[in-house]
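K.L.:
Quick one: the structure is below, and I'll ask about it shortly.
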Amino acid sequence: MNQRVGIEALAVAVPERFLSLEDLAIARGVEPAKFTAGLGGREMAVADPGEDSVALAATAVAKLLKSYAIDPNRVGMLVVGTETGVDHSKAVASYVQGLLGLPRAMRTYDTQHACYGGTAALMAASDWIAAGHAHGKAAIVVCADIARYGLRTAGEPTQGAGAVALLVSDKPDLFELDRGICGMASSHVFDFWRPLGSREAVVDGHYSINCYLEALGDAYAGYRKLALEREIVRHSEQLPSEQLSRIAYHVPFCKMAKKAHLHLRKCELKARLGRELTAEEQTAEDRAAAIAFETQVAPTLALAARIGNTYTGSLYLGLASLLHTQGASLAGKRIGMFSYGSGNSSEFFSGVVGAHASAAIAKAELDQLLASRRRVTMEEYEQVMEMNAATPPQAQPRPGTFRFVGVTDHRRRYVAG
Ligand code: HMG
């Protein structure tokens, strides 16, 4: 059965506040260029305790249903990929189902493996549909996280928060997955983790970059082999990676996507030559890689530069950025996707942009979403970071959004705006 499966609709939710990375650098006594040019960011989202993963996930799903006029009765599965859930047992998906009043005849659960959790959810949902088990229904996949490292840490400029909700179905108007063509790489490493009870992640920053790159090389090798066998890329003058119109990478900070693309090309060239590059070849490659990055990868980074790391949502913000800015010219073109979750688990896969993706993504109103945020001072940012996670400030949620308002009898309470 040649079943089409992929992303039919996409919506994004972000916290109301953001901080300029230049303001952060000045306050920390760091040259601003380190955060802007060195890490590649401009702003990062700042979530207060009322904007937890449930609130962001529910807001993104509410937006998805409303903006794309989706009948909730079409939905038979709701999976939330998150590494910053709110309970050891009760799923974020269960809160979202209740807050949105979604149908009872539905499979709901969360998936967790650091930033890979969203991709795990997407793969589970697409397999469910492709296997013929959905009986015409669609799945909602939500990637929702608060990326938090703490004040005055090396990770501080790489924080962020947000949620991306995807409608996954057999009408992939935005992005049709190349089913069965993917490469995986996983290993047990301590590059980044968050022990039970800890609000902040523990991270071995430079080691985590190496783990990411090593996983990318291995996952891409697996993908490339299958992609060549299935002839979606070919042996030719062009590298197989150059035959992908664009590549979206997991983006913990924007510069990481550049490191990733350079590394991927290096692995590919090494595999082709069967040896390391000579100094002369390396100089030529440096030039070619810089051009390839600007064309193939830079257009995926617009939202990450303004929102920061969204963990599970990061890769899908990359896809949203791309469709938002270049959706019309990319119709029918193939996009590579690399998902990385620390700890670690990773996957390289691809898909094809839908004929009407540009019109469809316009419904996500991404420019309006960014414009509706409020820039905070360093003083307000630090106040928000120091708030008690269990006692959120009592603010009225904006129309169409949800907020966590406190705990009664061990039960978390949320209100809708
Ligand atoms: P650091 O040690 O403070 O920064 O932390 P640095 O010294 O490495 O500098 C960063 C870059 O700025 C360097 O560029 C410098 O040269 C440059 P590079 O050499 O790497 O290309 N630089 C400047 N550029 C211009 N003007 C200047 C200047 N000064 C320096 N004046 C680090 C950086 C990323 C390690 C830190 O922020 C961190 O620990 N972040 C969190 C961990 C992380 O993001 N890891 C990424 C891979 S793991 C991953 O992606 C998974 C994750 O998303 C979690 C999950 O899966 O759930 C994190």
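Values in this text are rule-based calculations from the coordinates and carry no lab data. Since we're looking at a predicted model, the values are computed, not measured. Every residue, glycine as well, gets a Cβ built from its backbone with ideal geometry; the counts of neighbours run over all protein chains shown.
K.L.:
Say we look at the range 134-158 and pick out the residues that are of a type outside the set (A, V, I, L, M) and within 9 Å of the ligand (Cβ to nearest atom); which of these is nearest to D23 (Cα to Cα)?
P.N.:
My answer is P157.
K.L.:
Do we have any residue at all in the range 242-260 that's under 20 Å from the mean Cα position of the chain (by Cα), within 15 Å of the ligand (Cβ to nearest atom) and within 21 Å of G180 (Cβ to Cβ)?
P.N.:
Yes - at least one qualifying residue is present in the range 242-260.
K.L.:
Another question, if that's okay. So how many residues does the range 400-417 have that are among the small types (G, A, S) and in a loop (DSSP other than H, G, I, E, B)?
P.N.:
2
K.L.:
Looking for something hydrophobic (A, V, I, L, M, F, W, C) and without any contact (Cβ under 8 Å) to a residue 60 or more places away in the chain - is there at least one such residue anywhere in the range 241-248?
P.N.:
Checking the range 241-248: not a single residue is hydrophobic (A, V, I, L, M, F, W, C) and without any contact (Cβ under 8 Å) to a residue 60 or more places away in the chain.
K.L.:
Can you name the condition, by its number, that D204 falls short on among (1) surrounded by fewer than 16 Cβ atoms within 10 Å (Cβ to Cβ); (2) more than 10 Å from the ligand (Cβ to nearest atom); (3) within 28 Å of G38 (Cβ to Cβ); (4) under 25 Å from the mean Cα position of the chain (by Cα)?
P.N.:
Checking D204 against (1) surrounded by fewer than 16 Cβ atoms within 10 Å (Cβ to Cβ); (2) more than 10 Å from the ligand (Cβ to nearest atom); (3) within 28 Å of G38 (Cβ to Cβ); (4) under 25 Å from the mean Cα position of the chain (by Cα), the one that fails is (2).
K.L.:
Continuing with this model, one more query. Of a type outside the set (A, V, I, L, M, F, W, C) and buried (at least 18 other Cβ atoms within 10 Å of the Cβ): does that describe G308?
P.N.:
Answer is yes for this residue.
K.L.:
Next question. I'm checking my understanding of the structure. Among residues of the range 35-84 that are free of Cβ contacts under 8 Å to residues at least 24 places away in the same chain and farther than 21 Å from R374 by Cα, which one is nearest to the ligand (Cβ to nearest atom)?
P.N.:
A37
K.L.:
Filter the range 360-399 for residues that are part of a helix (DSSP H, G or I), of a type in the set (G, A, S) and loosely packed, with under 13 Cβ neighbours inside 10 Å and give the result.
P.N.:
A371
K.L.:
Also: Suppose we filter L323, L330 for residues that are touching a Ser or Thr at 6+ places or on another chain (Cβ under 8 Å), over 30 Å from R194 (Cα atoms), away from the ligand (no atom under 16 Å from the Cβ) and in a helix (DSSP H, G or I); which single one remains?
P.N.:
Answer to the selection: L323.
K.L.:
Right, next: Looking at (1) in a helix (DSSP H, G or I); (2) in contact with an Asp or Glu (Cβ under 9 Å, 6 or more places away or on another chain), find the lone condition where I232 falls short.
P.N.:
Every listed condition holds for I232 apart from (1).
K.L.:
Which pairs do you get when a residue that is without any contact (Cβ under 8 Å) to a residue 40 or more places away in the chain and over 26 Å from M378 (Cβ atoms), found in the range 154-166, comes within reach of a residue that is of a type in the set (D, E) and surrounded by 24 or more Cβ atoms within 10 Å (Cβ to Cβ), reach meaning Cβ atoms under 7 angstrom, with the pair 6+ apart or on two chains?
P.N.:
Listed by first residue and then by second, the contacts come to nothing, as the list is empty.
K.L.:
Moving on to the next point. Considering only the range 264-323, state which residues are within 17 Å of Q243 (Cα to Cα) and among the acidic types (D, E).
P.N.:
Scanning the range 264-323 gives E268, E285, E294.
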